[in-house]
Amino acid sequence: MFRFTATGRFALAALLAFGAASAALAAEVPLTLREALSRTLQSNPDLAAYQYVLKAQDGLVTQAGLKPNPRLTADLENVLGTGDTSGFDAAELTIGLSQLIELDGLRDKRVASARLEREGLEVEGHIARLDLLAETARRFVSLVSQQEEHRLAHLAVELADKTAAAVKRRVEAAKSPEAELDRAAVALERARIADAHAEHELLAARSDLAASWGAAMPDFTEAAADLYQLPEIAPYPDLLTALERTPDLTRYLSQARLRESEITLALASRRPGIEIGAGLRRQQAVRDTALVFSVGIPLLTSDRNQGRIAAAEALRDGAEAQRIAALVNARAQLFRNHRELLDLRQQVSALRERALPQIEAALKKTEYAYERGRYSYLELVDAQRELVAVRDSLIDAATAYHLTLIEIERLSGLAASR
């Protein structure tokens, strides 16, 4: 649990001063998980930026629905030639206006494809929201876990301080060598260093959580949650059912619909439409003016979209294959996490209900025996270390339970708030 690093008194004082300053800036109101998730949804910078992606696609939907603009043409013939066509005396000027008339509902198909593209982006946005909520929940659990580690570091300091006092009494009574007093002092100093490090980790965890909603500094003092209260998980069959409806899997259905739309659009685009025009022709040689009409029909000598159609068909079929593969992997991950969760619940129960009470009772007996000279200093320290180790294992197991539960909730698409 503890990591020891060489540090000077000035660095330690600076760290404690920074912690005091951060606490002064934070509000005296504990933060709940529900509030942390709400803040993330409201103020996360990534979610805010994603709205502009949707707005950009809205622009493309609008663009897809626009009709082709009319085309104005001007042709000047029989000028600057030889003989009768020299100069501009025999010139013929034709001014025309034409309009492309799209066939087979091509414009509607373009709009449908653009809207399906937006639908896919919305699914991706939903996935991004779930990912951010899961990450916020992980950071919240990490903060709660670090709060327990901080309390455990305080307990280690108290035990070391209590031991140092007991050793001093025995040395003064000439029942223990003075070397034990030095060893107790070193153990106390190491416990204090570890406590300062735990304070640093706590501040970092608090800052990480605040960053989930873009805050530069946390405005809360602690996370309000009981690490050892283990929420129940939904029945495994219900999780499997929910798994198939998650955005992570429905994204492939959305992709398949989009590819189908692209195929339809590519087929319709092979014949974009008929261009109809009308104009006015001026024949300078005879000083006459006449109307001119035109029609343009594309000749389908070859399928200009066959490559695009083949690509869209392959992507459509590939989306279904990807969905099946993703579903198989997700089911395997869900089963693994579900079994891990059950095992962690048993670990927490065994540590909290059996191991911890036993080691606490053993420490009390050891302290009593040490005061009366029946146990050595090493036996006392060993009992304290066992207590700290059991508590640390309990923190690790409870933390792992909550993190595994978050992974299950994210995998099955269930709400992360509890």
> Can you tell me which residues in region 158-198 are open to solvent by 60 Å² or more (accessible area, probe 1.4 Å) and farther than 18 Å from TYR375 by Cα?
Replying inline: GLU158, ASP161, ASP182, VAL186, GLU189, ARG190, ARG192
> Looking at region 342-349, is at least one residue open to solvent by less than 20 Å² (accessible area, probe 1.4 Å) and either small (Gly, Ala, Ser) or closer than 22 Å to ALA156 by Cβ (or both)?
Replying inline: yes
> Do any residues in region 343-360 that are free of Cβ contacts under 8 Å to residues at least 40 places away in the same chain have Cβ atoms under 8 Å from those of residues that are aliphatic (A, V, I, L, M) and open to solvent by 70 Å² or more (accessible area, probe 1.4 Å), where the two are at least six apart or on different chains, and which pairs are they?
Replying inline: none
>> Could you tell me how many of the residues in region 212-239 are surrounded by fewer than 16 Cβ atoms within 10 Å (Cβ to Cβ) and assigned to a helix (DSSP H, G or I)?
In response: 3
> Taking only pairs six or more apart or across chains, which ones have beta-carbon atoms under 8 Å, a first residue in region 181-192 that is over 16 Å from ARG385 (Cβ atoms), and a second residue that is of a type in the set (Lys, Arg) and assigned to a helix (DSSP H, G or I)?
Replying inline: LEU181/LYS168
> Residues in region 127-147: is at least one assigned to a helix (DSSP H, G or I), among the charged types (D, E, K, R), within 15 Å of THR250 (Cβ to Cβ) and open to solvent by 50 Å² or more (accessible area, probe 1.4 Å)?
Replying inline: yes
> Which of (1) farther than 30 Å from VAL348 by Cα; (2) modelled with pLDDT under 90 is the odd one out, the single condition ALA234 does not satisfy?
Replying inline: (1)
>> Can you find a residue that is in a helix (DSSP H, G or I), open to solvent by less than 60 Å² (accessible area, probe 1.4 Å) and at pLDDT below 90 anywhere in region 287-309?
In response: yes
> For ALA362, are the conditions met, namely being under 29 Å from ASN337 (Cβ atoms), in a helix (DSSP H, G or I) and over 29 Å from the mean Cα position of the chain (by Cα)?
Replying inline: no
>> Restricting to region 216-232, name every residue that is under 22 Å from the mean Cα position of the chain (by Cα) and touching a residue at least 12 places away in the same chain (Cβ under 8 Å).
In response: MET217, PRO218, ALA223
> Restricting attention to region 314-341, and to residues there that are of a type in the set (Lys, Arg) and surrounded by 18 or more Cβ atoms within 10 Å (Cβ to Cβ), which single residue is nearest to ARG257 (Cα to Cα)?
Replying inline: ARG316
>> From the list ARG257, ARG245, ARG281, exactly one residue is part of a loop (DSSP other than H, G, I, E, B) and open to solvent by 60 Å² or more (accessible area, probe 1.4 Å). Which is it?
In response: ARG245
>> Condition first: open to solvent by 20 Å² or more (accessible area, probe 1.4 Å) and under 23 Å from TYR228 (Cβ atoms). Now tell me which residues in region 357-383 satisfy that.
In response: PRO357, GLN358, ILE359, GLU360, ALA361, ALA362, LYS364
> Checking ASP226 against (1) out of contact with any strand residue (DSSP E or B) (no Cβ under 9 Å at 6 or more places or on another chain); (2) farther than 27 Å from LEU394 by Cβ, which test does it fail?
Replying inline: (2)
> Mind checking which pairs have a first residue in region 131-148 that is in contact (Cβ under 8 Å) with a residue 24 or more places away in the chain and aromatic (Phe, Trp, Tyr) and a second that is assigned to a helix (DSSP H, G or I) and open to solvent by less than 40 Å² (accessible area, probe 1.4 Å), Cβ under 7 Å, 6 or more apart or different chains?
Replying inline: PHE140/LEU33; PHE140/ALA36; PHE140/LEU209
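The values are calculated or read from the model by the stated rules, or taken from the named source; none is laboratory data. Note that the structure is predicted; figures quoted are calculated from it, not measured. Every residue, glycine as well, gets a Cβ built from its backbone with ideal geometry; the counts of neighbours run over all protein chains shown. For the accessible areas, the whole protein counts, side chains as well, though only heavy atoms, and no ligand, DNA or RNA atoms are used. Shrake-Rupley method; radii C 1.70, N 1.55, O 1.52, S 1.80 Å.
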